[in-house]
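A short worksheet on the structure shown next.
Computed from the coordinates by the stated procedures, all read-outs in this text should not be read as laboratory data. Bear in mind the structure is a predicted one, so any value in this text is a computation, not a measurement. Cβ placement follows ideal geometry from the backbone for every residue including glycine, while neighbour counts extend to all protein chains displayed.
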Amino acid sequence: MKKIILIGRSGSGKTTLIQALRGEKIHYHKTQYVNHFDVIIDTPGEYAETKNLGAALAMYTFEAQVVGLLASATEPYSLFSPCITPLANREVIGIVTKIDAPHAAPRRAEQWLRLAGCTTIYRVSSYTGEGIGDILTHLKEDGDRLPWEPEGGTNHGIQRNHENKPGA
């Protein structure tokens, strides 16, 4: 299984995406420091938003094989500079989150990620599970079993519990 680090602004849905990828019940949790979950590294948005902490974030990318840049479909502007992906020296994928939110603009967020240099982009909803299986398939290598998968099968981390969704 390829290890991925998720990078995005505060509130972009990194921790919620991790919960969906792991098939956990969705609940709000503010990330305060870099967390390692099996094959996923969760980072605080403040690291990406602050120049000095951004240097530390760059160091953490060396612990992963894949860098996931997150852009919420509800964000008013892009956090990422154009053509930034070559600086990672790793495979970089784009992930558009919150595609099911009211007033979401997933196309705009996808364009921002393309400008940043992402060629592979996934649109996801952590609440409905849309796109979650695609990311897991991208990270999975032949013969892999996710660390949190039950023996003999997978639910592909798809969260189908709509009662957790705000406003539902």
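How far is it, in nm, from the label point at E130 to the one at I84 when both lie 7 Å from their Cα along the line to the Cβ?
A separation of 2.6 nm, rounded to one decimal place.
Which cross-chain or sequence-distant (5 or more) residues have an amide H under 5 Å from the amide H of S72, H modelled 1.01 Å from N in plane?
Amide H to amide H, under 5 Å and 5 or more residues apart or across chains, S72 pairs with T97.
Sorted from fewest to most neighbouring beta carbons within 10 Å, what does the list S78, S72, S12 look like? Before the final figure, lay out each step's value.
On the way: S78 17, S72 23, S12 26.
In order of increasing Cβ crowding within 10 Å: S78, S72, S12.
Considering the zone a paramagnetic label at M1 would reach in this model (a point 7 Å from Cα along the Cα-to-Cβ line), which residues of region 60-79 have amide N under 12 Å from it?
none
In nm, to one decimal, how far is the modelled label at L115 from the one at F37, with both set 7 Å along Cα→Cβ?
Reported label-point gap for L115 and F37 is 3.0 nm.
Give me M59, M1 ranked fewest to most by other Cβ atoms within 10 Å of their Cβ, as a rough exposure proxy.
The fewest-first ordering by Cβ neighbours comes to M59, M1.
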